[in-house]
Amino acid sequence: MAAAAPPPPPTPAPSAPTGLPDSDSTPVGHPLFTRIRLATPLDIPHIHKLIHQMAIFEKLTHLFTATESSLASTLFKSPPFQSFTIFLLEVSAHPFEKDSSFHSQGFTPIERIFNLDHTLIDPEAETFKSGINSDVVVAGFVLFFPNFSTFLGKPGFYVEDLFVRECYRRKGLGKLLLSAVASQAVKMEYGRVEWVVLDWNVNAIKFYEEMGANVLPEWRICRLTGPALEAYRDAI
C-alpha cells in the first residue's frame, strides 16, 4: 500500500485589513518614509497650523478661534491615552534617524515606507519642517481621547480630528493614522473607536466604510456652545 500523502499545510489566518505597507519593505521608485509618533508640546505650532488648514477644508473657519496659547494650556496635561492624545504624522525622503526620546510613555513610533510613482512636491515643506537640519516634514495628525460605552461596559476612543495635508492625500496616510488609533484601542482592550464625518464629504464616508466602519445616519450631534452654554452658568 502506498504511503498516504502528507496533509496540506494549514492556511494562514487572515490578518487585519490595514492595507499598510510593511516597515521593512525595500524602497523602490520614489520612497516616502513615514512615521507616526506621539506629539509633544514642542509640536504645538505645527498642530495649530494643521487645525487651521482643516478648518479651511471643512469650510468652518468662522468657528476657528484656537490659538497656540489655548492649545498649550489644554493639551499634554495628562499621560498619553488617558486624556487628549495626538499622533503626529511625519514624512521624509530618507529613513528616519533613531530617536530614543520618541520611544516612551507606552508607545513606540510606527514607521512605514510608501513607494510612490513619482516624486512628491510639498509647497509648504519649509513651513511644516520638523526639527533643525532635517528634511522631516509634518504631514498630518489625529487627535483622540477616551470615552465610555455603557452598553459595552468598556472604554473606547473618540477621534475628534483626523487631517492629512492636501499634497499627501490619497496615498494611504489617513488610513495609517486611523489604523494607529484602532490598533492602540485593541492593545488597551477598548471596545470601539468612534468619530463623526461631514455629510457632504462623500470621499471620506466611502473611505471609512472601506475600512470597516459603520456610518450611523440615524444619530444626530447635539451641542451646547457659546451663549447657549453660558446661559447655564447660574442655572443650578
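The values are calculated or read from the model by the stated rules, or taken from the named source; none is laboratory data. Please read these numbers as outputs of a predicted model, since none were measured by experiment. In this analysis, Cβ positions are derived from the backbone assuming ideal geometry, glycine residues included, and neighbour counts consider all displayed protein chains. What goes into the accessible areas is simple: the full protein's heavy atoms, side chains included, and nothing from ligands, DNA or RNA. Shrake-Rupley method; radii C 1.70, N 1.55, O 1.52, S 1.80 Å.
Taken over the range 19-48, the criterion of being in contact with an Asp or Glu (Cβ under 9 Å, 6 or more places away or on another chain) and modelled with pLDDT of 95 or more is satisfied by PHE33, THR34, ARG35, ILE36, ARG37, ILE44, PRO45, ILE47, HIS48.
For the range 135-148, a tally of residues being surrounded by 21 or more Cβ atoms within 10 Å (Cβ to Cβ) and over 11 Å from PHE84 (Cα atoms) returns 5.
Selection of first residues in the range 77-98 that are in contact (Cβ under 8 Å) with a residue 12 or more places away in the chain and of second residues that are open to solvent by 60 Å² or more (accessible area, probe 1.4 Å) and not in a loop (DSSP other than H, G, I, E, B), restricted to Cβ pairs under 9 Å at least 6 apart or on distinct chains, gives the following pairs, ordered by first then second residue: PHE84/GLU160; ALA93/HIS30.
A residue that is surrounded by 12 or more Cβ atoms within 10 Å (Cβ to Cβ), within 19 Å of the chain's Cα centre (by Cα), in a helix (DSSP H, G or I) and among the basic types (Lys, Arg) can be found somewhere in the range 43-54.
PHE151: part of a loop (DSSP other than H, G, I, E, B), among the aromatic types (Phe, Trp, Tyr) and open to solvent by less than 20 Å² (accessible area, probe 1.4 Å), yes or no?
No: the conditions fail for PHE151.
The number of residues in the range 96-148 that are among the charged types (D, E, K, R) and not in a loop (DSSP other than H, G, I, E, B) comes to 3. Every condition in (1) under 17 Å from the mean Cα position of the chain (by Cα); (2) at pLDDT 95 or above is met by LEU71 except one, and the failing one is (1). Residue count for the range 119-159, restricted to those that are at pLDDT below 95 and in contact with a His (Cβ under 6 Å, 6 or more places away or on another chain): 1.
Annotation: of all residues in the range 55-68 being among the hydrophobic types (A, V, I, L, M, F, W, C) and in a helix (DSSP H, G or I), the one that is farthest from the chain's Cα centre (by Cα) is LEU63.
Listed residues GLU97, GLU111, GLU160, GLU126; which is closer than 21 Å to VAL196 by Cα, surrounded by fewer than 19 Cβ atoms within 10 Å (Cβ to Cβ) and out of contact with any Gly (no Cβ under 6 Å at 6 or more places or on another chain)?
It is GLU160.
Being over 26 Å from VAL91 (Cβ atoms) and at pLDDT below 95 is a description that applies to ASP199.
From the list LYS187, LYS206, LYS175, the one residue that fits, being open to solvent by less than 60 Å² (accessible area, probe 1.4 Å), out of contact with any strand residue (DSSP E or B) (no Cβ under 9 Å at 6 or more places or on another chain) and either over 25 Å from ILE47 (Cα atoms) or not hydroxyl-bearing (Ser, Thr, Tyr) (or both), is LYS175.
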